[in-house]
Amino acid sequence: MTQPLRAHMLARLPGIRHAFFTRAGGVSKGVYASLNAGVGSDDEPRNVAENRARMAAALGVPPEHFLTCYQVHSRNAVVAVEPWRPHSRPRADAIVTRVAGLAIGVSTADCGPVLFADAQARVIGAAHAGWRGALAGVTDETIAAMERLGAARERIVAALGPMIRQPHYEIGTDVWDRFVAADPANARFFRPSTRERHFMFDLAGYVAARLAAAGIGTIEDIDACTYADAEKFFSYRRMTHRGEADYGRHINAIVLT
């Protein structure tokens, strides 16, 4: 059985289901054990398909209504009005919809997933916020796309899911330079690393600050670290540090019922 995490504020909203899926409850083996949803991984395609079907069932939708994008670390958000085929996934990093029964999700393995909902307008969104997409404004674009469907940002509940946290997220001066060039105040999201010319980046803090600056009414962070908890989460960076051949991917999804 899948064992997703849930945000308290989203869970309270009527007519909405959501899940930050962990690695528990699937059929994959080895480094992919067990609920790997990564269609871009080298896992057996039949295992990935079964895992995604289990996630869809946990949200109460058929597998063909369990939608994710071809993610490209952009700010692009698309509107889902009907199911799309796996080979025709849009190249984007956020999905919004007001269609009941379409579960929209983003894939992560250290990057920051954000789920959005305006229960009154019945508009939902899901965004994939790695450092590139977060800096480019993927959460801002998700909010704007939701507003075009009738949502109001002061009513939106936004929940940050499992992602790599500052104690484990070392970056170089190239990333520091881009954030500080965009806004000198962004320096507050970095602290010095033990290595010269490196910093520890607070991705969750930055994403939450972008949401607050955009006027989101309710922001919740479930405060889970993908890198630190190998039993529960996949992690791209942990994979590289261990010298493993590949890694699994999570899905973080939301649906109107």
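A few comments on the model shown:
- Taking the criterion of being small (Gly, Ala, Ser), under 21 Å from TYR236 (Cα atoms) and in a strand (DSSP E or B), the residues of segment 74-114 that qualify are ALA94, GLY105, SER107, GLY112.
Residues are listed down the side, and each one gets a yes or a no for (1) among the small types (Gly, Ala, Ser); (2) under 19 Å from TYR206 (Cα atoms); (3) out of contact with any Gly (no Cβ under 9 Å at 6 or more places or on another chain); (4) modelled with pLDDT under 95:
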{"site": "ARG85", "(1), (2), (3), (4)": "no, no, yes, yes"}
{"site": "ARG89", "(1), (2), (3), (4)": "no, no, yes, no"}
{"site": "ASP93", "(1), (2), (3), (4)": "no, yes, no, no"}
{"site": "ARG98", "(1), (2), (3), (4)": "no, no, no, no"}
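- Close Cβ contacts (under 7 Å, 6 or more residues apart or on different chains) running from residues in segment 118-143 that are modelled with pLDDT of 95 or more to residues that are surrounded by 21 or more Cβ atoms within 10 Å (Cβ to Cβ) and of a type in the set (Asp, Glu) comprise ALA127/ASP93; HIS128/ASP93; GLY133/ASP93; VAL138/ASP93.
- Any chance ARG210 is more than 30 Å from VAL27 (Cβ to Cβ), modelled with pLDDT of 95 or more and either buried (at least 17 other Cβ atoms within 10 Å of the Cβ) or over 19 Å from the mean Cα position of the chain (by Cα) (or both): yes
- Leading residue by the ranking (surrounded by the most Cβ atoms within 10 Å (Cβ to Cβ)) among those in segment 40-57 that are assigned to a loop (DSSP other than H, G, I, E, B) and at pLDDT 95 or above: ASP43
- When we screen VAL27, VAL106, VAL31 for residues that are touching a Cys at 6+ places or on another chain (Cβ under 9 Å) and modelled with pLDDT of 95 or more, the only hit is VAL106.
- The criterion of being crowded, with 16+ Cβ neighbours inside 10 Å and either at pLDDT 95 or above or in a helix (DSSP H, G or I) (or both) holds for ALA159.
The values are calculated or read from the model by the stated rules, or taken from the named source; none is laboratory data. Computed from a prediction, not measured in an experiment: that's the story for all the values here. Note that each Cβ is placed from the backbone with ideal geometry, even for glycine, and that neighbours are counted across all protein chains shown.
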